[in-house]
Every structure is written in C-alpha cells, then in structure tokens.
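**Q** Structure incoming, see below.
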Amino acid sequence: MLFLDVNGVRRDSMRLAYPVYRFDCGDLTGDGIPEICIGVVKPTRYWPQGRRLFIYHLYRGRYIRPFWLGSRVGYPLSDFSVCRDSVPACIHTEEYGPDSTKIRNEYFYRGFGLHFRKHLSMPINHVSQ
C-alpha cells in the first residue's frame, strides 16, 4: 500500500499489485514536484525475473496518479536509482545486456516515458541466470 500524507492528513492511498524491490523519488520533470519511482517485480512470459519501473505523479499535490508504467527500459531491468544531482533529476539503471552482462545506463523523462541519455560504464560483471 502506498500512502500520501500532507501535513499529517491522509490525502490518498494506492494498492500496489506487485511486490516492491525499490522505492525512490525525485523531480523528473523539473516542475518542483517530485515523482515517485517504484521498482516492482512483475514477471512476464519472456522475462520471469520481471523487474519493472513504475513512475507516479502527485496530481495537484494531493493525489497519486500513474505517470509512466513502463514495461521496459533498453534491456531487462536489474535495479535503478534516481540521481538528484540536477534538475530535472534522471534515472540510473542497471540492466541485463547481451550475454547477461550487467550494464549501467542513464535515462531522462521527456514527454511520455524515459529516454536514453548515455551509458554510465562498461559492463560491470557477468551474471548467471
């Protein structure tokens, strides 16, 4: 369950249908209101590990609303974090690249969804599946 309290008063809540592995927030749009980034485990037929990134917006500062319920980034997602070093903030991901190598990428929000900005490093290790 995700709750939004404003000045000690419960304004909104939302039930998450999938297990959560990561929770983070940051101003991805540059409007001064942070977006809520939730990593969920949502298996699919082709990716049973099924980690996804869902982004929610605080509508009028009082209501939790879906902003981007992306099915995938460039490669299957392993983990993510919000980098708040700039405005708007960006998202750093760890993804399973070709041959199960783990790679790190940076994305930014534009219009509808995340857009690739750059690779952050070369493959960091080889993982077995």
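The values are calculated or read from the model by the stated rules, or taken from the named source; none is laboratory data. On a predicted model such as this, the values are computed, not experimentally measured, just so you know. Don't worry about glycine lacking a Cβ; one is built from the backbone with ideal geometry, like all the others, and counts go over all protein chains shown.
**Q** Please go through (1) closer than 20 Å to Gly30 by Cβ; (2) at pLDDT below 90; (3) surrounded by fewer than 18 Cβ atoms within 10 Å (Cβ to Cβ) for Leu58 and return the number of the only condition it doesn't satisfy.
**A** Status for Leu58: all satisfied but (3).
**Q** Restricting the stretch 81-113 to residues that are hydrophobic (A, V, I, L, M, F, W, C) and at pLDDT 90 or above, which is surrounded by the fewest Cβ atoms within 10 Å (Cβ to Cβ)?
**A** Here the answer is Cys83.
**Q** Since Gly70 meets every condition but one in (1) touching a Gly at 6+ places or on another chain (Cβ under 9 Å); (2) buried (at least 17 other Cβ atoms within 10 Å of the Cβ), which condition does it not meet?
**A** (2)
**Q** Then there is this: For residues that are more than 21 Å from Ile36 (Cα to Cα) and either out of contact with any Pro (no Cβ under 6 Å at 6 or more places or on another chain) or not in a strand (DSSP E or B) (or both), tally how many sit in the stretch 73-103.
**A** 6
**Q** Restricting to the stretch 9-54, and then to whatever is acidic (Asp, Glu) and assigned to a loop (DSSP other than H, G, I, E, B), can you tell me which residue is surrounded by the most Cβ atoms within 10 Å (Cβ to Cβ)?
**A** The extreme case among them is Asp27.
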